[in-house]
Amino acid sequence: MTAFIAEIIGTAVLILLGNGVVANVVLNKTKGNGGGWIVITTAWALAVFVGVILSGAASGAHLNPAVTIGLSIAGKFSWNLVPTYILAQMIGAMLGAFLVWLFYKDHYKETSDAGAIQATFCTAPAIRNNFSNLISEIIGTFVLVFTIFYFSDPLLGSADMPKTPIGMGSIGALPVAFLVWVIGLSLGGTTGYAINPARDLGPRIMHAILPIPAKGPGGWDYAWIPVIGPVIGAAAAAGLYILLQH
């Protein structure tokens, strides 16, 4: 599997499971209707876990343009590969959103709340304040990317013996899942913690395209915030990481 295909698959499954839990909680007549924020944040974390497992070996499991850009700024990823990765992430996010719509199609027909429908595709602020909303996305993504810089393989050894990495296999995806979980629980209440331009923009495009009876306009006047905010947050995280290494 190529890195391009891996990023498509990993991001598609991330969105299928992540937006899928939102659909399960907010759309009418689902088994999970009314499940609440804990259900949503937990499933999003596990969606990241699954996406990382599927794509990690082939692509490094970025699944997020902010992560790709942050790693490149820090010199840990080639700038030449950035456009390819971001394209794959956008394709994957749109595919995942389409699959959520296909899966819950009957329940979209039973739901008249345009805001709830939009929530199954993209984010929206709890209180609209562009500056505050932008700061939320910057800080949330900063925590994500800055912490990722400090993920490392566990080592086995002692002071007088060479350190040897311990292979963790799929369990190695757990740290990033826990990271996304705590960001959602602690920092997700203001904007819905997009912290990923593709995660928001790709499904927002699908929301505009797909035939959903009661959908609203899609919040395009807000759409720049979950794109620009994560990029700024990732750049700031990379900048601080570089500074601390010197």
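Nothing in this text is a laboratory measurement; each read-out follows from the coordinates by a stated rule. This one's a predicted model, so the numbers in the text were calculated from it and none came from an experiment. All Cβ positions, even for glycine, are placed from backbone atoms using ideal geometry, and neighbour counts span all protein chains on display.
Some notes on this structure:
- Fluctuation leader among Ile209, Ile73, Ile91 - the chain, Gaussian network, Cα springs under 10 angstrom: Ile209
- Cα gyration tensor, the chain - rounded (a/c under 1.5), prolate or oblate: prolate
- Value of relative contact order over the chain, rounded to a whole percent, pairs C-alpha under 8 Å and six or more apart: 30 percent
- Segment 91-136: proportion of alpha-carbon pairs further apart than 12 angstrom, %: 68 percent
- Given 14 as the ceiling on other Cβ atoms within 10 Å, longest exposed-site-free region of the chain for trypsin sites (Lys or Arg not before Pro) in DSSP loops: 164-246
- The 3J(HN,Hα) values that the Karplus relation (6.51, -1.76, 1.60; θ = phi - 60°) gives for segment 62-75 are, in residue order, 6, 6, 6, x, 5, 5, 4, 5, x, 5, 5, 4, 7, x Hz. Gly and Pro appear as x.
- Centre separation in Å (Cα based) which lies between segment 49-77 and segment 200-246: 16 Å
- Computed from backbone phi with θ = phi - 60° and the Karplus coefficients 6.51, -1.76 and 1.60, the 3J(HN,Hα) list for segment 17-27 is 7, x, 5, x, 5, 4, 4, 4, 7, 9, 7 Hz; x is used for glycine and proline.
- Candidates Pro213, Pro197, Pro175, ranked by Gaussian network fluctuation over the chain, Cα under 10 Å, top entry: Pro213
- Taking 0.36 nm per residue of separation and subtracting the Cα-Cα distance, full extension of the segment from Thr84 to Ile38 would add 13.1 nm.
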